[in-house]
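Okay, so here's the structure we're looking at.
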Amino acid sequence: DAKTTQPPSMDCAEGRAANLPCNHSTISGNEYVYWYRQIHSQGPQYIIHGLKNNETNEMASLIITEDRKSSTLILPHATLRDTAVYYCIVRVLGTGNQFYFGTGTSLTVIP
Amino acid sequence: GAVVSQHPSRVICKSGTSVKIECRSLDFQATTMFWYRQFPKKSLMLMATSNEGSKATYEQGVEKDKFLINHASLTLSTLTVTSAHPEDSSFYICSARGSGLTYNEQFFGPGTRLTVL
């Protein structure tokens, strides 16, 4: 079962930073936070993941609170192609690697 | 990067027929593949976990006799929807667990849209 809570939808102006929150208050010490996104009628695309340190890659930054009960995905300069549903997932590595998707956040980037 | 393909991308069939969907890992060997179903405007729901050479593990509420999964090789898993009915119409997505440095990653296919008339 999904263990995350996300707002159902968000808007962001093109060129501005998109900050997508995720609550995972029951996260265990060995669970990682993963972010995927799904553009309409396509398969999910990996964005980033982390355990407790903040992470950054070419797509986004992941900020995890010190208590690990919540995190924020940051798209630094949103473009129209970033319009998608963003899923925050918590999972333990190496246990069959199942991903249980929550309801996600539908991000709309506005011109 | 690791690529997962699905075939067909779209399929329309008559009620009562069976449909087979293929999932292939193109540039890596996948000992574990996963099958998801997604209804319109809903999230992905895990249906089953498929391990090469062994029986699939189905999630609670998923009928194993209706959704037959075969994972006969390290690069191919198939999902067969038997005696399909209109309520089986959905977007079916597979994913494959990576190997080596990407062992803890999952790479998703583009999905197959099934429409049962």
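The values are calculated or read from the model by the stated rules, or taken from the named source; none is laboratory data. Since the model is a prediction, treat every value here as computed from it, not as a measurement. Here the Cβ positions follow ideal geometry from the backbone for every residue, glycine too, while neighbour counts run over all protein chains shown. Remember, those area values only see protein heavy atoms, side chains included, never the ligands or the DNA or RNA. Shrake-Rupley method; radii C 1.70, N 1.55, O 1.52, S 1.80 Å.
Here are a few things to note about the model shown:
- Extension gain, B:S43 back to B:R10 (0.36 nm per residue minus Cα-Cα distance, nm): 10.0 nm
- When the C-alpha to C-alpha distance is required to be over 22 Å, the pairs from A:K52/B:K42; A:K3/B:K66; A:K3/A:K52; B:K20/B:K64; A:K3/A:K69 that qualify are A:K52/B:K42; A:K3/B:K66.
- Carbon and sulfur %, accessible surface of segment B:54-106 computed with the full protein complex present, 1.4 Å: 53
- Each residue of segment A:61-68 was assigned a 3J(HN,Hα) from its phi angle through the Karplus curve 6.51 cos²θ - 1.76 cosθ + 1.60 (θ = phi - 60°); the sequence is 10, 10, 10, 10, 5, 4, 7, 6 Hz, with glycine and proline shown as x.
- Lone cysteines, chain B (no partner Cβ under 4.7 Å): B:C13
- Here A:H49 sits with roughly 50 square angstrom of accessible surface, probe radius 1.4 Å.
- Whole-Å distance, taken between Cα centres, linking segment B:1-75 and segment A:1-32: 27
- Restricting the GluC sites (Glu not before Pro) of segment A:23-83 to loop positions (DSSP other than H, G, I, E, B) with no more than 12 neighbouring Cβ atoms within 10 Å leaves A:E58, A:E66.
- An oblate overall shape is assigned to segment A:31-111, the ratio a/c of its alpha-carbon gyration tensor axes (a ≥ b ≥ c) being 1.5 or greater and a/b not exceeding b/c.
- Applying the criteria of a DSSP loop state and at most 11 other Cβ atoms within 10 Å to the GluC sites (Glu not before Pro) of segment B:33-117 yields B:E63.
- Qualifying chymotrypsin sites (Phe, Trp or Tyr not before Pro) in segment B:24-117, where qualification requires a DSSP coil assignment and no more than 16 other C-beta atoms within 10 Å, comprise B:Y103.
- Cβ neighbours within 10 Å from other chains - mean over A:37-46: 5
- Accessible area in the full protein assembly, largest first, 1.4 Å probe, for A:I110, A:I48, A:I27: A:I110, A:I27, A:I48
- Size of the B/A contact, given as accessible area buried on both chains, probe 1.4 Å, in Å²: 1500
- Semi-axis lengths, Å, the protein assembly as shown, gyration tensor of Cα atoms, sqrt of 5 times eigenvalues: 30, 20, 16
- Options B:L26, B:Q6, B:T75, ranked by Cα towards positive dipole end of chain B, top entry (Cβ charges): B:Q6
- Simple point charges give the picture: +1 on the Cβ of Lys and Arg, -1 on the Cβ of Asp and Glu, and for chain A a dipole about the Cα centre of about 120 debye.
- Accessible-area composition of chain A, carbon plus sulfur, in percent [1.4 Å probe]: 50
- Taking a ≥ b ≥ c as the square roots of the eigenvalues of the alpha carbon gyration tensor, chain B is prolate, as a/c is not under 1.5 and a/b beats b/c.
- Annotation: cysteines of chain A without a disulfide-compatible partner (Cβ-Cβ under 4.7 angstrom) are A:C12.
- Protein-protein interface of segment B:39-81, residues with accessible area decrease of at least 10 Å², isolated chain reference, 1.4 Å probe: B:S43, B:L44, B:L46, B:T49, B:E59
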